[in-house]
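Trainee: Pasting a structure below so you can have a look.
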Amino acid sequence: MPDKGSKSINTDQVKALLKKNRRSMKLRLAACAGCTLCAESCFLFMKKGKDPQYMPSYKVLNSLGKLYRKNGKVSRADLEKMRDLLWKNCMLCERCYCAIGVDLPRMIAFARRILRSQGIDGSYLHSLEAQGSKGE
């Protein structure tokens, strides 16, 4: 695993991880219609005023989907944007529900694994806690 202070991305490692799960993940990505029916199953989506960035499908399509679209050729800045989607905007509580059976939690977990392989990970301290107990 690269040093967390490292600025370079090991694209060969990213590509290898993507290739290892290509068949199942590409099938799941293709099955996701972006219909947003999963949105209300996410309590963060509901708590955050229905901000689209908290929708499970948005998180998957803009992280794992982007990794596959770019064939793993991503920059550190790309991965750092994904970090917020995958950690700040998701607790991986596995409550997200897809009406057609797409395994969204598994896809988010896999995207996290790819980011961790590059020394990028997030904090589980969510903005809900950062706001304090004001009930915002």
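Trainee: For the subset of segment 98-125 comprising residues that are surrounded by fewer than 16 Cβ atoms within 10 Å (Cβ to Cβ) and modelled with pLDDT under 95, which member is nearest to the chain's Cα centre (by Cα)?
Mentor: D121
Trainee: Could I ask something else about it? Taking segment 65-100 only, how many residues are within 22 Å of M46 (Cβ to Cβ) and touching a residue at least 40 places away in the same chain (Cβ under 8 Å)?
Mentor: Here is the first cut: in segment 65-100, the ones within 22 Å of M46 (Cβ to Cβ) are 84-100.
Pick out the ones that are also touching a residue at least 40 places away in the same chain (Cβ under 8 Å) and you get 89-91, 93, 95-100.
Residues meeting the conditions: 10.
Trainee: Now a separate question. Looking at K59, K26, K81, K70, which is the one that is of a type in the set (D, E, K, R), surrounded by fewer than 20 Cβ atoms within 10 Å (Cβ to Cβ) and in contact with a helix residue (DSSP H, G or I) (Cβ under 7 Å, 6 or more places away or on another chain)? Spell out how you get there, then give the answer.
Mentor: Details: K59 fails: surrounded by fewer than 20 Cβ atoms within 10 Å (Cβ to Cβ); K81 fails: in contact with a helix residue (DSSP H, G or I) (Cβ under 7 Å, 6 or more places away or on another chain); K70 fails: in contact with a helix residue (DSSP H, G or I) (Cβ under 7 Å, 6 or more places away or on another chain).
Step by step, each of K59, K26, K81, K70 is checked, and only K26 is of a type in the set (D, E, K, R), surrounded by fewer than 20 Cβ atoms within 10 Å (Cβ to Cβ) and in contact with a helix residue (DSSP H, G or I) (Cβ under 7 Å, 6 or more places away or on another chain).
Trainee: Related question: May I ask you to list the residues in segment 44-66 that are among the hydrophobic types (A, V, I, L, M, F, W, C) and either touching a Phe, Trp or Tyr at 6+ places or on another chain (Cβ under 6 Å) or over 13 Å from L86 (Cα atoms) (or both)?
Mentor: Here is the first cut: in segment 44-66, the residues among the hydrophobic types (A, V, I, L, M, F, W, C) are 44-46, 55, 60-61, 64.
Hits for segment 44-66 are L44, F45, M46, M55.
Trainee: Could you list all residues from segment 31-42 that are over 12 Å from A99 (Cβ atoms) and modelled with pLDDT under 95?
Mentor: Applying the first criterion (over 12 Å from A99 (Cβ atoms)) to segment 31-42 yields 34, 42.
Residue satisfying the conditions is G34 alone.
The values are calculated or read from the model by the stated rules, or taken from the named source; none is laboratory data. These figures come from a predicted structure and were not determined experimentally. Heads up, the Cβs are rebuilt from the backbone with ideal geometry, glycines too, and the neighbour counts pull from every protein chain shown.
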